[in-house]
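Below: one structure, written as structure tokens.
The values are calculated or read from the model by the stated rules, or taken from the named source; none is laboratory data. Since the model is a prediction, treat every value here as computed from it, not as a measurement. Because the Cβ atoms are built from the backbone with ideal geometry, glycine has one as well, and the counts that use them run over all protein chains shown. With ligands, DNA and RNA removed, areas are computed over all heavy atoms of the protein, side chains included. Shrake-Rupley method; radii C 1.70, N 1.55, O 1.52, S 1.80 Å.
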Amino acid sequence: MALTEAIVVRAATADDYADFARLSPQVGSGDPTPAEEAWRSTMVPGTRVAAIGERVVGYCYFQELTDSGYVRNVVDDAAARRRGAGRALMQATADELRARGKTTWRLNVKPDNAGAIALYAAFGMKAAYLGKGFFLRWRHLTDLPSYGATINVAGAERDVALEDAFALPRGQLARSRSAGRTIFEALGAGAPGAILGVADFNPRFPGAFPFRVVDPRVARDLLAAMRALVPADEAVYLTTEDNEPLADLLVRTGATLRMEVLHMVGPL
């Protein structure tokens, strides 16, 4: 690979899977690399790759929501770092999202990744809150206190109310539902209609993100509904966002903190 060659950003193709699989572990989340079928069917349309000559040195995967873009991964190859692949990918993604009428974008980054944070800040992004990813064994479910919330599977007609209640980007829940995820809502038993929580649950993982509650005790009620869908699994993954009382409760109950992420948001 000649170091003098320019970086070119292009749309990904199904044939880029091998490079995606090579680079994706550098995200550092610990999650398994998506299978090639998932890559082809769901990720290719929202992925841009950076190449130097014939070699792919980075990729950006984003999801398009109603009026915003959610950048899920930005990866540049450690062997080609400081060549500007990350910046080129961010610029190309910003340009494309603007062309599609989006007005904001967001992403998650590890809090200790100073270089990436500086890059995202250069594109106008600012820190919004801290998220924490937990691994919770189902056997600890009964150790959690219960609020006694009413749990429903939320249909599309509930999306706006749930997204407004927890400041979620418009269209996030609809996108999740279309991918086969189940959206649970927690409502107040004593105050019908009061929204107490929402869980965007992926039974194939299994895990929930976002997982938002107004009271830490609502977590058990949502988790019990999720558990019913995966009775054979031993554990679940949860991501809390800007909610230290819930994070503290999960730790006291026996959950393991897997990672922390800084959520950044900015205008386009």
>> Would you report the distance distribution of C-alpha pairs in region 114-158 as whole percents per 5 angstrom bin, up to the bin with the largest distance?
In response: 5, 12, 10, 11, 14, 13, 10, 15, 9, 0
> How long are the three semi-axes of the equivalent ellipsoid for region 1-137, computed from the Cα gyration tensor as the root of 5 times each eigenvalue, in whole Å, largest first?
Replying inline: 22, 19, 17
> Taking the chain as a Gaussian network, where each spring joins two C-alpha atoms under 10 Å apart, which residue of Gly254, Gly115, Gly171 fluctuates the most?
Replying inline: Gly115
> How big, on average over all directions, is the shadow cast by the Cα convex hull of region 72-113, in nm²?
Replying inline: 3.5 nm²
> What is the local net charge at Ala18, summed over the other residues whose Cβ is closer than 14 Å to its Cβ (Lys, Arg +1; Asp, Glu -1)?
Replying inline: -3
>> Treating only the Cα positions of region 97-187 as identical point scatterers, give the base-10 log of I(q)/I(0) from the Debye formula at each q in 0.11, 0.18, 0.23 Å⁻¹.
In response: -0.52, -1.12, -1.25
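Taking the square root of 5 times each eigenvalue of the Cα gyration tensor, what semi-axes in Å does the equivalent ellipsoid of the chain have, largest first?
35, 19, 17
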> Quick one: net charge of Ser146's neighbours, Cβ under 9 Å, K/R +1, D/E -1?
Replying inline: +1
> Non-local amide H neighbours of Trp105 (under 5 Å, H modeled in plane, Pro and chain starts lacking H): which ones?
Replying inline: Gly69, Gly266, Leu268
> In a shell of Cβ-Cβ distance under 11 Å around Arg220, excluding Arg220 itself, what net charge do Lys and Arg (+1) and Asp and Glu (-1) give?
Replying inline: -1
>> I need the phi-derived Karplus couplings for region 123-129: 6.51 cos²θ - 1.76 cosθ + 1.60, θ = phi - 60°, integer Hz, Gly and Pro marked x.
In response: 9, x, 7, 10, 5, 10, 6
> Comparing Gly28, Gly101, Gly69, which has the greatest mean-square fluctuation in the GNM of the chain with Cα pairs linked when under 10 Å apart?
Replying inline: Gly28
>> Show me, for region 10-23, the HN-Hα J-couplings you get by feeding each phi into the Karplus relation (A = 6.51, B = -1.76, C = 1.60, θ = phi - 60°), rounded to Hz, glycine and proline as x.
In response: 9, 5, 6, 10, 4, 6, 7, 4, 4, 5, 4, 5, 5, 8
> What is the P(r) of region 71-142, as percent of Cα-Cα pairs per 5 Å bin from 0?
Replying inline: 3, 12, 22, 21, 14, 10, 6, 5, 5, 2, 0
> If you place +1 on the Cβ of every Lys and Arg and -1 on the Cβ of every Asp and Glu, how big does the dipole about the Cα centre of region 1-128 come out, in debye to the nearest 20?
Replying inline: 480 debye
> How would Ile52, Ile151 rank on accessible area, largest to smallest, probe 1.4 Å?
Replying inline: Ile151, Ile52
> Non-local amide H neighbours of Val57 (under 5 Å, H modeled in plane, Pro and chain starts lacking H): which ones?
Replying inline: Ala50, Ala51, Ile52
>> Just to confirm the filter: which trypsin sites (Lys or Arg not before Pro) across region 186-255 are DSSP coil and have at most 16 other Cβ within 10 angstrom of their Cβ?
In response: Arg204
> Which ³J(HN,Hα) values, rounded to whole Hz and listed in residue order, are derived for region 221-238 from phi using the Karplus coefficients 6.51, -1.76 and 1.60 in 6.51 cos²θ - 1.76 cosθ + 1.60 with θ = phi - 60°, glycine and proline given as x?
Replying inline: 5, 5, 4, 4, 5, 5, 4, 4, 8, 9, x, 8, 7, 9, 8, 9, 9, 10
> Taking H as built 1.01 Å from N, whose amide H comes closer than 5 Å to the amide H of Ala235, not counting residues under 5 places away?
Replying inline: Trp138
